[in-house]
Structure formats: C-alpha cells, structure tokens
Amino acid sequence: MEEPKCNILYEHMNEEKKIKLINVAKEVYHNINNNKINSWRCATIALRDKIKEIFDYNEKGWHIIIGYKFGFFCTHEVYNALHFKLDHVEFLIFKHG
C-alpha cells in the first residue's frame, strides 16, 4: 500500500514537532487501513485515541479532531496547532490547557 498523501492546511508548530506528529498520524492511519475497520466512526475513534495516547504521554492537553471538509476556530498554545489532510481524512491537532 502506498503512503498517504499529506497536505498541510494550517500550521503553527515548530518543524520537529510537526514532522513527528505527521509521521505518527501516517503510521496509525496505515495500521487502521490494514486492519480493514468497516466503520468510519470506529476508525476515527481508533485514530484519535492512538494519536492522543502518544502525544499526551509527554505533554498533557492535546486535542484531536478528525473528520472531513470542516473549518475551525480555536484557541491554542503558541506553536502547538496543526491542521492537515491525509488522503481524504482531515486532522486538527492542537494543544490547549
């Protein structure tokens, strides 16, 4: 299976953290696709939970929204927000609190 195409829609994050976050999302996304989860809802919950688990391990307060075709307005900590798309799935990941 080929690697999903990544398209960054909004970024306010340092390069190191951004690359780590996108790589984690790609890895989890690839694993979810390989497991052939039938339900979109179950797949997004699994994606969200795994990404949150990885990022909350070192720093608490990460929020993850997964969907498609959505806009957003949120308050986030400086250099801690990223909105990107893998294939057709959009991810909004930000830290607040």
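Evaluating 6.51 cos²θ - 1.76 cosθ + 1.60 at θ = phi - 60° for every residue in segment 47-56, the Karplus couplings come out as 4, 4, 5, 5, 5, 4, 4, 5, 7, 6 Hz, glycine and proline recorded as x.
For the chain, adding -39500 (n - 2.57) for each run of n ≥ 4 DSSP H residues and dividing by the number of residues yields -13000 deg cm²/dmol at 222 nm. Shape analysis of the chain based on the Cα gyration tensor places the equivalent ellipsoid semi-axes at 21, 14, 13 Å, largest first.
If you run the Gaussian network model on the chain, springs between alpha carbon atoms under 10 Å, then out of ILE65, ILE54, ILE22 the most flexible one is ILE54.
Computed from the coordinates by the stated procedures, all read-outs in this text should not be read as laboratory data. Quick caveat, the model's predicted, so the values are computed rather than measured.
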